[in-house]
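A.B. asks: Here's a structure for you.
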Amino acid sequence: MNPREPRVPDVWSTIEDKVRRAERLTNAEGIHLLTKAPLLELGALAHEVRVRRNDPRLVTYVLDTNPNYTNVCTVDCHFCAFCRKPGTNAPDAYTHDVEGVMRMMEAADRIGATTVLLQGGLNPAIPWEFYPAIVRESRRRWPHITPHFFSAPEIHQMAAVSGLAVRDVLEALYEAGQRTLPGGGAEILAERVRRRVSVKKGGPGTWLDVHREAHRVGMRSTATMMYGHVETDAEVVEHFDHIRELQDETHGFTAFVPWSYKRGNTPMASRIPHMAGASRYLRVLAASRLYLDNFDHIQASWFGEGRKTGQIALHFGADDFGGTLFEEYVHLATGHLSKVTQPEIETLIREAGFAPAQRTTLYEILRVSEGPSAPEHPHADPPLFVENLPELPAEYPARLEGEERSGAEESRRSE
């Protein structure tokens, strides 16, 4: 090369310049973020965008819980350890009626949850009337709790049992009082991946169509992604492209929430010899902040990736710390247990250098707590980090649903 010729900028320098000029990244640049971009510089650039887009002092979180109304399901997802097939008479299979769900809502109210993220398996024995009924009753009895119910596959199940179109199902749920939809069931929005891991859920369009129609009837929703199994980097960027394009069209997504596949007890565990670790998570998270230029919020998954990784993620583009998830059984079925209380989650946010801000499902700020200097003013209810305790705090159940008692527990029980 002639030394007098102008130097052609490398790909990373081009990406930095484009991001700082608020120009949209291309598919090839997205793949570069996931493969060759220097990780620490990638995180710093993602954090730069985050503080430009959101209040740099605050990290938000929500008080929520994630119960399930049934674990009976016909879909046979290869990554799932939670569901039980209908007709197999599994001793731990269950399906709650309307009042059973109301007991879950009552329990959520007792512990102060402002959002209930309710989902379940695709159980064809559940009648259509059940779904709007639990929304309507939840709104009537606990108007201060947001019913953040039903993933896209569940919406398709409702359409199948009712004979209604997806749009009509969503309009009926909206009329019953539902205003938000969780993003579960997306996995990776690439045709090849979905044929490999969840063929009965259909291609990317089945998920995208539900969220498009939900936005059109007035709902907001989240976009999610479960990575770390059979996808390629190009298919991760394809997923980003799908949700970025839909956000351009509807502006209906509140946030993007990625998490890694958990192998334990799942049908495809033996075919996935590796686990996506913290560095991969931070790379995916930071790349999403830069590539999804029309998303306001990127959520750090302390629950899926661990507390310390979650804290680091707050410096890699994330502005939200997710929810408390007082109750959760889907990841638990894979052997992944992680729980947190409100004082704990606020302490984790402060330790990362931010002020905790409690929010609603729609990211409205309810309360801002003291910032990083707060340890000088101890909380009346000090945090109890579960993994450091000889036994669980009183607010945690002694035995979780589906968990077998140990021999020692049975001995104590019989004394």
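A.B. asks: If you scan segment 175-198, which residues turn out to be of a type outside the set (Lys, Arg), free of Cβ contacts under 8 Å to residues at least 40 places away in the same chain and not in a loop (DSSP other than H, G, I, E, B)?
C.D. replies: The one that is of a type outside the set (Lys, Arg), free of Cβ contacts under 8 Å to residues at least 40 places away in the same chain and not in a loop (DSSP other than H, G, I, E, B): GLU191.
A.B. asks: Now for a different question. Is it the case that segment 151-159 has a residue that's in contact (Cβ under 8 Å) with a residue 24 or more places away in the chain, part of a helix (DSSP H, G or I) and charged (D, E, K, R)?
C.D. replies: Scanning segment 151-159, I find at least one residue that is in contact (Cβ under 8 Å) with a residue 24 or more places away in the chain, part of a helix (DSSP H, G or I) and charged (D, E, K, R), so the answer is yes.
Condition check ((1) crowded, with 18+ Cβ neighbours inside 10 Å; (2) among the aliphatic types (A, V, I, L, M); (3) not in a loop (DSSP other than H, G, I, E, B)) across all residues:
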{"residue": "GLY121", "(1), (2), (3)": "yes, no, no"}
{"residue": "PRO124", "(1), (2), (3)": "no, no, no"}
{"residue": "TRP128", "(1), (2), (3)": "no, no, no"}
{"residue": "ALA133", "(1), (2), (3)": "no, yes, yes"}
{"residue": "SER138", "(1), (2), (3)": "yes, no, yes"}
{"residue": "HIS144", "(1), (2), (3)": "no, no, no"}
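A.B. asks: Considering only residues that are of a type in the set (Val, Ile, Thr) and without any contact (Cβ under 8 Å) to a residue 60 or more places away in the chain, look in segment 94-135 and name the one that is farthest from ASP64 (Cα to Cα).
C.D. replies: ILE126
A.B. asks: Would you pick out the residues in segment 361-377 that are at pLDDT 70 or above and outside any loop (DSSP other than H, G, I, E, B)?
C.D. replies: Once the filter is applied, which keeps residues that are at pLDDT 70 or above and outside any loop (DSSP other than H, G, I, E, B), segment 361-377 yields ILE365, LEU366, ARG367, VAL368.
A.B. asks: Now a separate question. Against the condition in contact with a strand residue (DSSP E or B) (Cβ under 6 Å, 6 or more places away or on another chain), assigned to a helix (DSSP H, G or I) and not small (Gly, Ala, Ser), how does HIS211 come out, does it pass?
C.D. replies: The answer is yes for HIS211.
A.B. asks: Taking interchain pairs and intrachain pairs at least six residues apart, which have beta carbon atoms under 7 angstrom, with the first residue in segment 273-289 and surrounded by 24 or more Cβ atoms within 10 Å (Cβ to Cβ) and the second among the small types (Gly, Ala, Ser) and part of a helix (DSSP H, G or I)?
C.D. replies: LEU282/GLY43; LEU282/ALA313; LEU285/ALA313; ALA286/GLY43; ALA286/ALA46; ALA287/GLY30; ARG289/ALA46
A.B. asks: Next question, about the same structure. Among the residues of segment 346-363, which ones are buried (at least 19 other Cβ atoms within 10 Å of the Cβ) and acidic (Asp, Glu)?
C.D. replies: Within segment 346-363, GLU346 is the sole residue that qualifies.
A.B. asks: Go through GLU238, GLU245 for me and flag whichever is part of a helix (DSSP H, G or I), of a type outside the set (A, V, I, L, M) and surrounded by fewer than 18 Cβ atoms within 10 Å (Cβ to Cβ).
C.D. replies: Only one candidate qualifies: GLU245.
The values are calculated or read from the model by the stated rules, or taken from the named source; none is laboratory data. None of the values given here were measured: they were computed from a predicted structure. Because the Cβ atoms are built from the backbone with ideal geometry, glycine has one as well, and the counts that use them run over all protein chains shown.
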